[in-house]
Each structure stands twice: as structure tokens, then as C-alpha cells.
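First the structure, in the form of C-alpha cells, and then the observations on it.
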Amino acid sequence: MSAPDALRDAVAHPPDAILVDFRMPVMDGLEFLRALRAKPRHRETPVAIVTGDYQLDERLVSQIRDLGAVIRFKPLWVDELTSLAKQLVAGTARDN
């Protein structure tokens with residue numbers, strides 16, 4: 001699913017939490033997050049941005065955090081993803 005499609009789905013069917021990759025075609029994870037936060041019902045939706053980019057610019061990291069998302073670095077194993085999803089839904093996910 002593309003990021004624009006996922007954004008439309010999130011608006012139509014608000015999820016409990018969102019996991020999104022940072023590097024995507026058409027719209028990256030930060031653009032997705034900005035567009036999501038522009039929607040009144042999604043200003044507080046828990047979001048985690050996942051990336052394999054260990055050289056992510058600190059300005060981007062700050063913007064992501066300022067928009068209320070947490071960042072996780074790949075690889076993430078199934079148990080880590082499950083734990084992250086549970087933390088997002090419970091409102092306890094924090095950056096390491």
C-alpha cells in the first residue's frame with residue numbers, strides 16, 4: 001500500500017496506532033506524519049517511524065519527535081514489532 005493510500009485509509013478508518021517506514025516512494029515517513037497530524041482526528045494517533053537509515057539527520061529526528069512520533073531502527077524482529085505496537089496503543093512508547 002502506498003503512503004497516500006494509507007493516509008486515506010487512516011482518515012476513513014482511524015487506527016489505534018501506525019507503524020510507518022521512513023523511506024518510501026512518493027511520500028516519506030515524515031511527510032506522511034505531517035499530513036496525518038494535519039487531520040484533526042489524528043493529532044494524537046500513536047505513530048512509530050521505522051528506518052534502516054542510521055545516518056538520519058538530527059533535524060529530521062527532531063521534527064519526527066516534535067510531531068509526537070517515536071523512531072525505531074531496523075532490523076526489528078517480530079517480537080520487537082509486537083512489543084512496539086502494544087506500547088503505541090498503551091501510550092507508553094518512548095524513544096530509546
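Any read-out appearing in this document is the output of simple, stated calculations on the displayed coordinates, not a laboratory observation. Bear in mind that the values here come from a model prediction, so they are computed numbers and not experimental data. Don't worry about glycine lacking a Cβ; one is built from the backbone with ideal geometry, like all the others, and counts go over all protein chains shown.
7 Å from Cα along Cα→Cβ at both R59 and E44: what's the point-to-point distance in nm?
Inter-label distance under the simple model: 3.2 nm.
Is the stretch 24-96 rounded, prolate or oblate when judged by the Cα gyration tensor, a ≥ b ≥ c being the square roots of its eigenvalues, rounded requiring a/c under 1.5 and prolate requiring a/b larger than b/c?
Since a/c reaches 1.5 but b/c is at least a/b, the shape of the stretch 24-96 is classed as oblate.
Starting from the Cα-Cα distance between F73 and D5, subtract it from 0.36 nm times their residue separation and give me the gain in nm to one decimal.
Contour length minus the Cα-Cα distance gives 22.1 nm.
Over the chain, what is the percentage of antiparallel beta bridges among all DSSP beta bridges, to the nearest 5?
0
For the chain, what is the relative contact order in percent, using Cα pairs closer than 8 Å and at least 6 residues apart in sequence?
Relative contact order, the chain: 27 percent.
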